[in-house]
Each structure stands twice: as C-alpha cells, then as structure tokens.
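Take a look at the structure below.
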Amino acid sequence: MWVYEKRLQFPINIKTPNAAAAKIIMTQFGGPDGELGASQRYLAQRFAMPYNEVKGILTDIGTEELAHVEMICTIVRQLTRNLSIDEIKASGFDTYFVDHTVGLWPQSAGGVPFSSTTFQSKGDPITDLHEDMAAEQKARTTYDNILRLVNDPDIIAPIRFLREREIVHFQRFGESMRIVQDNLDSKNFYAFNPAFDK
C-alpha cells in the first residue's frame, strides 16, 4: 500500500524547452537502465526475498524509482511543451513526434521501446542483488552521460539529484547483500538459493 504525496521528490522548473535534451533524457524513462525498469525489477524481486529487512529495502527503493519515473516524465514534458514544428524538426524530435506528439512513451534515447527483457528477477537473493547493484551503477553512468550533454542548470539540478540517488541505492543494495550473506549457513554463497532450497 502506498501513500502518494502530490509533489515531486525534487523540484523541476525548466524554463527553456529543448527537444534535443528531451530525446536523450527520455532514456531514463524507458531505456535499458531507466527508472521504469528499475521500479518493476525491485518490486517484483521483493516477493521471492526470504528476509523481511531486504524485502523492505526492495519495496522502498522500487517505490522511490516510481517517483523517479514521475521526475523524468516531468523533465521531458517541460522540455517539449510549446515547441513549434520547426523546432521539433530541427532537434531531431520529429521521429518521436510522429508517433506520440509530445506525449510520454517509454523508450531509449535511440528510439528502442521499453522492454521488460532489460532486467531480471531470478528469485535468488544473491543473483538478484548483484543484478540490482549493477543496475544502479549503469543508471549512474547514464546520468553521468546526460550531464556531459546538457548545459541548462534547470536540467542539471534534477539530473544530479537522480544520479545521487543511484549511488545511495547501490549502497543500500550492498547492505542488503551483507544481510543475505549473514543469514546463510555457508560462506559459499553459490551453494544454494535460500529463497527456494531449504
């Protein structure tokens, strides 16, 4: 059960539309390392997690990732509002525009539609937490790349905030890995799946 606060996790107020920036930032909505995939990964993995503390961490982070979807969509919307057709054509946003106008639709910066095949839920706590730590690092790298390509301070501030959250999530998943390892009888963490093998 969630309680929705009708505010963004970080304020976004982009004054200058920029469809070229929207096109690259869109990848953090529906790209291979985006927030939509992250939310679904963690919220799905929680069900096979045998340790309540780690299940809670997966729920917390998965829920926060939904808030990050909201932020990314807000950024993209503010970057594409009130654009003229000439601006859309000049920015290369026309290929997106023809299918979606300026509505939000999950895809990568290269135009590849969102697919759940970009993430995994194995039902093995060790496997899933390694997946989660790698996912957070890949998302951080994507935010680093976005920061290299944009120069508007109104865009940079929320992107930096999102990048920082990837680092925090990576650390929380590292803590979760320790919790899982401490609960295992054997220090050979590849011996069995504690969520399935008894």
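So here's what we get for this one:
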{"read-out": "Selection count, the stretch 113-167, where residues are among the β-branched types (V, I, T) and modelled with pLDDT under 95", "value": "4"}
{"read-out": "Qualifying residue in the stretch 88-104 (condition: farther than 21 Å from R46 by Cβ and in contact with a Pro (Cβ under 6 Å, 6 or more places away or on another chain))", "value": "no"}
{"read-out": "Residue that is nearest to I25 (Cα to Cα), among those in the stretch 89-112 that are aromatic (F, W, Y) and touching a helix residue (DSSP H, G or I) at 6+ places or on another chain (Cβ under 6 Å)", "value": "F93"}
{"read-out": "Qualifying residue in the stretch 122-135 (condition: touching a residue at least 60 places away in the same chain (Cβ under 8 Å), within 26 Å of R77 (Cα to Cα) and under 16 Å from the mean Cα position of the chain (by Cα))", "value": "yes"}
{"read-out": "Selection from the stretch 20-39 of residues that are charged (D, E, K, R) and either out of contact with any Ser or Thr (no Cβ under 6 Å at 6 or more places or on another chain) or assigned to a helix (DSSP H, G or I) (or both)", "value": "K23, E35"}
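The values are calculated or read from the model by the stated rules, or taken from the named source; none is laboratory data. It should be emphasised that the depicted structure is a prediction, and the values quoted were computed from it without experimental measurement. Because the Cβ atoms are built from the backbone with ideal geometry, glycine has one as well, and the counts that use them run over all protein chains shown.
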